[in-house]
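Asks: Sharing a structure here in structure tokens format.
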Amino acid sequence: MADSPRRDRVFAGSVPAVVDLDAAIGFVVAHGDAVERARLSWLRNGTPVPVELLETAEVGQSSDGGWPAIWGGEVASIDATCFRLAELDDLGALGRPAARRALDWLASRQQADGGWDEDISLAGSAPEWARPGDPEAKLFVTANAGFWLTVAGLDARASGPLDHRVGGAYAGVVQATAHSLAARLRPDGSWPSFLAAGWLSAAVLHRQDMFHESARIQVVLVDRMPKMSPGDVAWLAATLRRVGIDAQDWIMVRALRRLAETQRSDGGWESEDGHQFDVHATLSAIRACRPTASA
């Protein structure tokens, strides 16, 4: 925590919205586990994470490179792997071998149409957003996998096949993903899937310079934002910030104002997935609201 109270102001039009980052930091310190507190330190200051904590965050990885979901037994899941990559990103660990194996695994699972689908063996246990064979779930996991491959190759150009070098880019894979996502957009900019598929798709399309398609999605997201949960707004804002959308961009201004309005008195934000994920939601809000975003 800082020695003296400090608030970072985010302006929406002429009405200031105030996000109390010190209170958010205090919430994570008070309620987070060792890995979550390490994520906080890296997000705040780029503090190097002890190797033993990185290894804790990587535990359970399958030999093929993915991570199984708690609902999926031993079979690696796209959804679970993307969640682990989000944690590792907050630890500055996407360049480590575990993350690179996971990213290579994601890229290798891309289908001919540019999308992804969970393993069919997970059909009986997967939640609705990851159910194999379901078109809505397929669009969500496609956007999610495409986002993390985008993040892993932010220096990529939209050409060339998968590059297997450590630190290499997944440019050809992500380009195919972007066209697959754009093809699923409806005329009004909405999409036939879950809400999160929207901001993940908008991020992928933005990085592929498909600004018109990304903007169409963003218009829909701003319209829906007043009814979004605080955790979803934090996820949206962190996602768009991660691909370089400026904090002064209109959708970010709206999102940060919404986060200011929904921050609890204890400094945290509520996750609709249960209070056990409140620290994760708060870390997403911190990533979105801090003055600068790390690569």
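Asks: Against the condition part of a loop (DSSP other than H, G, I, E, B) and small (Gly, Ala, Ser), how does Gly244 come out, does it pass?
Replies: yes
Asks: A further question follows. Condition first: open to solvent by less than 70 Å² (accessible area, probe 1.4 Å) and outside any helix (DSSP H, G or I). Now tell me which residues in region 256-265 satisfy that.
Replies: Gln263, Arg264
Asks: Given (1) modelled with pLDDT under 90; (2) closer than 23 Å to Trp235 by Cα; (3) open to solvent by less than 50 Å² (accessible area, probe 1.4 Å), where does Thr150 come up short, assuming only one miss?
Replies: For Thr150, the exception is condition (1).
Asks: Further, regarding this structure: Quick one: would you say Ala30 is crowded, with 17+ Cβ neighbours inside 10 Å, more than 17 Å from Leu94 (Cβ to Cβ) and at pLDDT 95 or above?
Replies: When the stated conditions are applied, Ala30 does not pass them.
Asks: Which condition number does Phe83 fail, the rest of (1) among the aromatic types (Phe, Trp, Tyr); (2) under 20 Å from Val174 (Cβ atoms); (3) crowded, with 17+ Cβ neighbours inside 10 Å being met?
Replies: (3)
Asks: In addition: Considering region 238-249 alone, what residues qualify as being surrounded by 14 or more Cβ atoms within 10 Å (Cβ to Cβ) and out of contact with any strand residue (DSSP E or B) (no Cβ under 8 Å at 6 or more places or on another chain)?
Replies: Ala238, Thr239, Leu240, Arg241, Arg242, Val243, Ile245, Asp249
Asks: I need a count of the residues in region 31-53 that are over 18 Å from the mean Cα position of the chain (by Cα), in a helix (DSSP H, G or I) and in contact (Cβ under 8 Å) with a residue 60 or more places away in the chain.
Replies: 1
Asks: Restricting to region 211-224, and then to whatever is among the hydrophobic types (A, V, I, L, M, F, W, C) and surrounded by fewer than 18 Cβ atoms within 10 Å (Cβ to Cβ), can you tell me which residue is farthest from Ala196 (Cα to Cα)?
Replies: Phe211
Asks: Give the residue, chosen from Val253, Val204, that is in contact (Cβ under 8 Å) with a residue 40 or more places away in the chain, assigned to a helix (DSSP H, G or I) and touching a strand residue (DSSP E or B) at 6+ places or on another chain (Cβ under 7 Å).
Replies: Of the residues listed, the single one that is in contact (Cβ under 8 Å) with a residue 40 or more places away in the chain, assigned to a helix (DSSP H, G or I) and touching a strand residue (DSSP E or B) at 6+ places or on another chain (Cβ under 7 Å) is Val253.
Asks: Looking at Asp163, Asp155 in this structure, which one is in a loop (DSSP other than H, G, I, E, B), at pLDDT below 90, open to solvent by 10 Å² or more (accessible area, probe 1.4 Å) and under 16 Å from Ala203 (Cα atoms)?
Replies: Asp155
Asks: Across region 266-279, which residue is least open to solvent (accessible area, probe 1.4 Å) among those that are modelled with pLDDT under 95 and assigned to a helix (DSSP H, G or I)?
Replies: Among those that are modelled with pLDDT under 95 and assigned to a helix (DSSP H, G or I), it is Phe277.
Asks: Here is a list of conditions, (1) open to solvent by 10 Å² or more (accessible area, probe 1.4 Å); (2) modelled with pLDDT under 95, and Asp117 meets all of them except one; can you say which number that is?
Replies: (2) is the only condition that Asp117 fails.
Asks: Scan region 101-139 for residues that are more than 19 Å from Ser180 (Cβ to Cβ) and under 17 Å from the mean Cα position of the chain (by Cα) and jot them down.
Replies: Residue satisfying the conditions is Ala102 alone.
Asks: Are there any pairs, at least 6 apart or on different chains, whose C-beta atoms fall under 8 Å, with the first in region 96-121 and in contact (Cβ under 8 Å) with a residue 12 or more places away in the chain and over 16 Å from Ala197 (Cβ atoms) and the second among the charged types (D, E, K, R) and open to solvent by 50 Å² or more (accessible area, probe 1.4 Å), and if so, which?
Replies: From residues that are in contact (Cβ under 8 Å) with a residue 12 or more places away in the chain and over 16 Å from Ala197 (Cβ atoms), the pairs are Ala102/Arg84; Trp105/Asp64.
Asks: Could you tell me which numbered condition Gly168 fails, if it satisfies all but one of (1) open to solvent by less than 70 Å² (accessible area, probe 1.4 Å); (2) modelled with pLDDT of 95 or more; (3) on the phi < 0 side of the Ramachandran plot; (4) assigned to a loop (DSSP other than H, G, I, E, B)?
Replies: (2)
The values are calculated or read from the model by the stated rules, or taken from the named source; none is laboratory data. All figures in this text were calculated on a predicted structure; none of them were measured in a lab. Counting neighbours? That spans all protein chains shown, and the Cβs are built from the backbone with ideal geometry, glycine included. Ligands, DNA and RNA are stripped out before the accessible areas are found, and what is left, the full protein with its side chains, is counted by its heavy atoms. Shrake-Rupley method; radii C 1.70, N 1.55, O 1.52, S 1.80 Å.
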